[in-house]
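To start, the structure under review is shown below, and the notes come after it.
Any read-out appearing in this document is the output of simple, stated calculations on the displayed coordinates, not a laboratory observation. Since we're looking at a predicted model, the values are computed, not measured. So basically every Cβ, Gly included, is an ideal-geometry build from the backbone, and we count neighbours across all protein chains shown.
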């Protein structure tokens, strides 16, 4: 019953790397950065209504926040000249403020000059440092290195190091609408939106994109990742631009959005993690960060404004879910989630992904022991969340062709209406969440942790979540037969949902229930020091860590399955 | 698609020529070219030749049509003014001709059901929120139009056609829809407010019909103004709780579409919902009343739906519950009144 996975490597859709949009962008980097800086500047001017007083206030707020950040939260990646740059800004602002010879117009011009310096600096900072040679090297290294590790671990014997029996694609299965995304990538611009559970996701997605034969996508990676040298190398090689979450000021956010929008208009395929950061609770993201998503809609509208009405100007949204048995950072993530939502006081632990050594150790574990990952590629949609056909035409719910341009018309003309586009962004966000749930692929480990947690919850119905998680683990035990019956109930419902196209399930869920349970318990959070689920001596189900069990259980949140209990 | 037309050559469409539809069409016709849609050929002919329909005058510039595709082609902005019972069908008829550039504003104060095949309110008994649709949700579900708004407020058709001063609320998530509505309807005698909480505004208009029936019943029993004040105030509290449970905000109930419309409808002998309550109190049965009414009293259907929703939402709504018993379970009006007077309301205001 095993399903066929995509195992062959696809031919590249654009063979010559000089034609890759991301390479073209790298070639024109300087002009592009300048364009972004200028556009961001005029956006900020627009937002401040060209009023020198408001502009001054924004500049001063930005200066204040940046000074504070440099003092309180410095990072290794921060450029050395930061302090001096902001001191210069401070001096300039002081000069303008005190210079009584300036009339209103001149003063405004002077402020605008300062603004220009800031957006230029930000644009330069955000822009990616993509180098095609690095990209190729990284891709080879990842594939080759992983394959070696894999074969060394699985194939016995002295020649195992050179065996090619197992490839990375045995570990990481790609399913879903792969042909469609490849095809549309040659015709229009793709914005891929994956779920986000682990820091490994960006590397993983980068690799998937190359397996599918697509040119690299650009994407916004948290600047914190660039603190770690191994990641910094990967990120640059994958075409990442930098997103600094410490900078919340207007000028930075506008520059960032402009960068993303312009890159999409340039034809660069992009990748957003719409959840913003990794899912802390282990649930599929339900509330998306809409900032960057809105740039896809803006870029689409701008293309229509520029008369690009055919498929070459069309932006396609492709949701992707990444399904794991095991999330390395789970213990930290769930603790952050619980302390953010509840009363629990957790002591802070070190980030498990804090250094290159730990990551390498994890990678080795990952490849030497079995823990599969699957990546599901969803159906492509237009920026309003309508499915598109093979030619990229948007279809309404009845399958009638519609023109995405119509969404941006009033009185027959394409108009800019930010409030309208804000609502469209909300709509798109909702559609992406819906699609995530549809293409989400249930693993045995999700099933067993969901069932175990729900049974424990049911047995302690008087406790709230936080008391439940504080239950002493040694007192928890679920008789195997009861557990198995509940698993069967939930699995039946999952298959019912699958038949309705509301969820997907991994092929290993077609085995017998005993096998599924064994597989699930073996795999769920397998590398954690404390296991979310174990079988005790009597063969009953027990847990070593309730918070982790809760984390893995959350993967099946949002399907109404808890009503079965 | 002929999109190049500027708005000057585009008309404003009104779907439905009941009393409210006719009043709105006439108000729109003061500023714009208006096209109305009716299903029956003879109705269309009557409007086009005599500019009247069952005693209601139509502005002579208004053209009528039976063709949904023509209406959708000639108009970018459509007002849907049809009763909730026929709303879904009308929207489905229009759906194939609607495109994402259309702006739709509706004026229907009722609810629709979102049930599976073969299911009805009789078979499911209880309703979840997802099984109830407001009219804007019907439009969003059935068509590709997204720029949707609603029109609600104390707008008794008879008074509107006389040109008495009045106001309405246009609610939409889209500012452009509110601004369009204001541009088209605003006049010296008609004020137009905006609200972004479309669900709350729709629900205010819907839920006030329940209280209007109760108010008619009090009037029919001749119980006076103290009783009416009591009802309106308790009715408002009930509306707040129901609206919150269904996804509206408290503020909208406090506004023109909520309290404003509630006060008007609870005092108006012209209101169909009020009339239903009044005649019930005079001893007629629901069937007798329905047999002699030519337009729908939305409140009756609303009572059924909301009563089925209360059961799943875990909230109490004593006025709705007792009205449901009177309308569908043969409780007498005086027994219902007794039940309400014994009900342990203890806190005056418990929602702000």
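Relative to the longest principal axis of the Cα atoms of chain A, helix A:291-305 runs at roughly 60 degrees.
With each label modelled as a point 7 angstrom along the Cα→C-beta vector, the residue B:162-residue A:530 pair spans 7.6 nm. Counted by neighbouring Cβ atoms within 10 Å, the residues B:99, A:233, A:241 run from fewest to most as A:233, B:99, A:241.
Based on C-alpha pairs under 8 angstrom that are at least 6 apart in sequence, the range B:200-342 has a relative contact order of 32 percent.
Only DSSP H runs of four or more residues enter the estimate; each adds -39500 (n - 2.57), and after division by the residues of chain A the mean residue ellipticity at 222 nm equals -16500 deg cm²/dmol. Estimated from helices alone, the mean residue ellipticity of chain B at 222 nm is -15000 deg cm²/dmol (sum of -39500 (n - 2.57) over DSSP H runs with n ≥ 4, per residue).
With contacts taken as Cα pairs under 8 Å and at least 6 residues apart, chain B reaches a relative contact order of 14 percent. Projected over every direction and averaged, the convex hull enclosing the alpha-carbon atoms of the range A:417-565 yields 10.9 nm². From most to least packed by mean Cβ count within 10 Å, the peptides A:294-305, A:511-522 give A:294-305, A:511-522. Over chain A, Cα pairs under 8 Å with separation of 6+ residues give a relative contact order of 16 percent.
Classify the range A:19-126: rounded, prolate or oblate, from the alpha-carbon gyration tensor (a ≥ b ≥ c, eigenvalue square roots; a/c under 1.5 rounded; otherwise prolate if a/b is larger than b/c)? Verdict is oblate for the range A:19-126.
Where both bridge residues fall in chain B, DSSP classifies roughly 30% of the beta bridges as antiparallel. The distance between label points at residue A:341 and residue A:513 comes to 2.9 nm (points 7 Å beyond Cα on the Cα→Cβ vector).
When peptides A:315-323, A:526-534 are sorted by average Cβ neighbour count within 10 Å, with the highest value leading, the order is A:315-323, A:526-534. Counting Cβ atoms of other protein chains within 10 Å of each Cβ in A:400-413 and taking the mean gives 5.
Take the Cα of residue A:38, step 7 Å toward its Cβ, do the same at residue A:400, and the gap between the two points is 4.3 nm. From the P(r) of the range B:200-342, could you give the percentage of C-alpha pairs in the tail past 23 Å? Here the long-distance tail beyond 23 Å is 26 percent of all Cα pairs in the range B:200-342. Put simply, the C-alpha atoms of the range A:70-116 give a gyration tensor, and the ellipsoid matching it has half-axes of 29, 10, 7 Å, longest first.
The shape of the range B:147-238 comes out oblate: with a ≥ b ≥ c from the C-alpha gyration tensor, a/c is at least 1.5 while a/b does not beat b/c.
Using the Cα gyration tensor of the range A:188-273, with a ≥ b ≥ c the square roots of its eigenvalues, what is the shape: rounded (a/c below 1.5), prolate (a/b larger than b/c) or oblate (neither)?
Cα axes put the range A:188-273 in the oblate bin.
Summarising the strand pairing of the protein assembly as shown, around 35 percent of its internal DSSP beta bridges are antiparallel. Our note on the geometry: Cα centres of the range B:219-293 and the range A:458-483, 49 Å apart. Taking every DSSP beta bridge with both residues inside the range B:11-196, roughly what % is antiparallel (nearest 5)? The antiparallel proportion sits near 30 percent. Note on chain A: Rg/Rh from Cα positions, Kirkwood definition for Rh, rounded to two decimals, is 0.99. Taking every residue in B:94-101 and counting other chain Cβ atoms within 10 Å of its Cβ, the average works out to 5. Projection of the Cα convex hull of chain B, averaged over all directions and equal to a quarter of that hull's surface, yields 17.6 nm².
Between helix A:480-499 and chain A there is an angle of about 50 degrees, using the helix long axis and the longest principal axis of the Cα atoms. Here's the picture: a label point sits 7 Å out from the Cα of residue A:389 along the beta-carbon direction, and within the range A:402-431 the residues with their amide nitrogen under 17 Å of it are A:402-405. Principal-axis analysis of the Cα atoms of chain B puts helix B:41-50 at an angle of about 70° to the longest axis.
Cβ-Cβ distance of residue A:305 and residue A:17, R₀ of 30 Å, FRET efficiency by 1/(1 + (r/R0)^6): the value works out to about 0.45.
Taking only the alpha carbons of the range B:11-196, we obtain Rg and Dmax values of 16.4, 50 Å in that order. When peptides B:126-133, B:294-301 are sorted by average Cβ neighbour count within 10 Å, with the highest value leading, the order is B:294-301, B:126-133.
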